[in-house]
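The values are calculated or read from the model by the stated rules, or taken from the named source; none is laboratory data. All values derive from a computational prediction rather than experimental measurement. Glycine gets a Cβ as well: all are built from the backbone with ideal geometry, and neighbour counts include every protein chain shown. Ligands, DNA and RNA are excluded from the accessible area calculation, which covers all protein heavy atoms including side chains. Shrake-Rupley method; radii C 1.70, N 1.55, O 1.52, S 1.80 Å.
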Amino acid sequence: AQSVAQPEDQVNVAEGNPLTVKCTYSVSGNPYLFWYVQYPNRGLQFLLKYITGDNLVKGSYGFEAEFNKSQTSFHLKKPSALVSDSALYFCAVRAKTGFQKLVFGTGTRLLVSP
Amino acid sequence: EPEVTQTPSHQVTQMGQEVILRCVPISNHLYFYWYRQILGQKVEFLVSFYNNEISEKSEIFDDQFSVERPDGSNFTLKIRSTKLEDSAMYFCARRDRVQETQYFGPGTRLLVL
C-alpha cells in the first residue's frame, strides 16, 4: 500500500532564509512524486513532480525537490523564502503502474515571518 | 496548465438530501478524479473515472456515491443521502493522456446540517 509521511505539522522560517519541508514515502516499485500547495480557501495547486531522470526537480515559484531513493524521501526546498510562500504544502505519491490515485500526506503548514 | 472549474463553490444541505457536485473540464480530458478533504485533515481519494467508466474507487466511495459524465462534458459526483460526516471540501481533478500530473479544481465546500 502507498503512504506518505510529512513529519512536521508546521515549519517556521524567516523571510530570506532557506526552507525545507520534509516528505518520505512508501510505494511498491518506482514512485511518481508530487508537491502541491494550498492557500486558504483555495484548491490544490501543482508545484512540481518527479517522474524519472534527474533527482533534483525544479518547479514553480522557485521551489525544488530532491528525490532520494535510498532514503525514500522527496523533500521540498527553496533557497530564499518569501512571506507569500506561507501556505499548506502537501506531498503525494502514486505507483508508476496500476492504480492512478494520489495518496497524500497530512500536510505541512509553512509560516514565513517578515 | 488550465485546470477545471467546479460548481457550486459552496453548498449547504440538510442531512438525507441528495447533492450533485459538478466539475467542468476546460479541455477534453479523459481522466477525472474526485477527492475530498475534511476540515483540517488530509486529502483523500474517492474515485477515478476513465473513458466514461469508474476505474478505481476507495472504501469511502460506497453506494451513496455515484459519478457520471452525462453530457460528455460535465463530470458529476452525486451523494444520494448526505450524512453529517460528508461535510468536506470536494475536489475534482483531471489528467491528460500524456502528463502524469493531476490538476485540481478550486473545490466545492459541502456543509451537511
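Please go through the stretch A:93-112 and give me each residue that is surrounded by fewer than 20 Cβ atoms within 10 Å (Cβ to Cβ) and more than 13 Å from the chain's Cα centre (by Cα), ordered by number.
Restricting attention to the stretch A:93-112, the residues satisfying the condition of being surrounded by fewer than 20 Cβ atoms within 10 Å (Cβ to Cβ) are A:95-100, A:106, A:109, A:111.
The answer is A:95, A:96, A:97, A:98, A:99, A:100, A:111.
Restricting attention to the stretch A:72-88, does a residue exist that is open to solvent by 10 Å² or more (accessible area, probe 1.4 Å), within 13 Å of residue A:27 (Cα to Cα) and assigned to a loop (DSSP other than H, G, I, E, B)?
yes
Sort out which residues of the stretch A:34-68 are exposed (fewer than 12 other Cβ atoms within 10 Å of the Cβ) and aliphatic (A, V, I, L, M), and write them in order of number.
The one that is exposed (fewer than 12 other Cβ atoms within 10 Å of the Cβ) and aliphatic (A, V, I, L, M): A:56.
Taking residue B:16 as the residue in question, decide whether it is away from chain A (no Cβ under 11 Å), in a loop (DSSP other than H, G, I, E, B) and surrounded by fewer than 13 Cβ atoms within 10 Å (Cβ to Cβ). Give the steps one after another, and end with the answer.
Details: away from chain A (no Cβ under 11 Å): yes; in a loop (DSSP other than H, G, I, E, B): yes; surrounded by fewer than 13 Cβ atoms within 10 Å (Cβ to Cβ): yes.
Yes, satisfied.
What's the number of the condition residue A:32 fails, among (1) part of a helix (DSSP H, G or I); (2) of a type in the set (Phe, Trp, Tyr); (3) within 14 Å of chain B (Cβ to nearest Cβ)?
(1)
Collect the residues in the stretch B:86-113 that are in a strand (DSSP E or B), among the basic types (Lys, Arg) and either open to solvent by 10 Å² or more (accessible area, probe 1.4 Å) or within 10 Å of chain A (Cβ to nearest Cβ) (or both), keeping them in residue-number order. First the steps, then the outcome.
Step one: list which residues in the stretch B:86-113 are in a strand (DSSP E or B), which gives B:88-95, B:103-104, B:108-112.
So of that shortlist, the ones also among the basic types (Lys, Arg) come out as B:94-95, B:109.
Of everything in the stretch B:86-113, those that are in a strand (DSSP E or B), among the basic types (Lys, Arg) and either open to solvent by 10 Å² or more (accessible area, probe 1.4 Å) or within 10 Å of chain A (Cβ to nearest Cβ) (or both) turn out to be B:95, B:109.
So which residues in the stretch B:37-85 are farther than 17 Å from residue B:107 by Cα, within 14 Å of another protein chain (Cβ to nearest Cβ) and not hydroxyl-bearing (Ser, Thr, Tyr), if there are any at all?
Answer for the stretch B:37-85, where residues must be farther than 17 Å from residue B:107 by Cα, within 14 Å of another protein chain (Cβ to nearest Cβ) and not hydroxyl-bearing (Ser, Thr, Tyr): B:49, B:51, B:53, B:54, B:56, B:57, B:59, B:60, B:61.
Could you please find all residues in the stretch B:66-79 being open to solvent by 50 Å² or more (accessible area, probe 1.4 Å) and at pLDDT below 95? Steps first, please.
Of the stretch B:66-79, the ones open to solvent by 50 Å² or more (accessible area, probe 1.4 Å) are B:68, B:70-71, B:78.
Residues satisfying the conditions are B:68, B:70, B:71.
Suppose we filter A:39, A:61 for residues that are closer than 22 Å to residue B:36 by Cα and over 10 Å from the mean Cα position of the chain (by Cα); which single one remains? Can you show your working first?
On the way: A:61 fails: closer than 22 Å to residue B:36 by Cα.
Answer to the selection: A:39.
Mind listing just one residue for me: the one in the stretch A:9-26 that is within 14 Å of chain B (Cβ to nearest Cβ) and in a loop (DSSP other than H, G, I, E, B) and, of those, surrounded by the fewest Cβ atoms within 10 Å (Cβ to Cβ)?
Filtering the stretch A:9-26 for residues that are within 14 Å of chain B (Cβ to nearest Cβ) and in a loop (DSSP other than H, G, I, E, B), the one surrounded by the fewest Cβ atoms within 10 Å (Cβ to Cβ) comes out as A:9.
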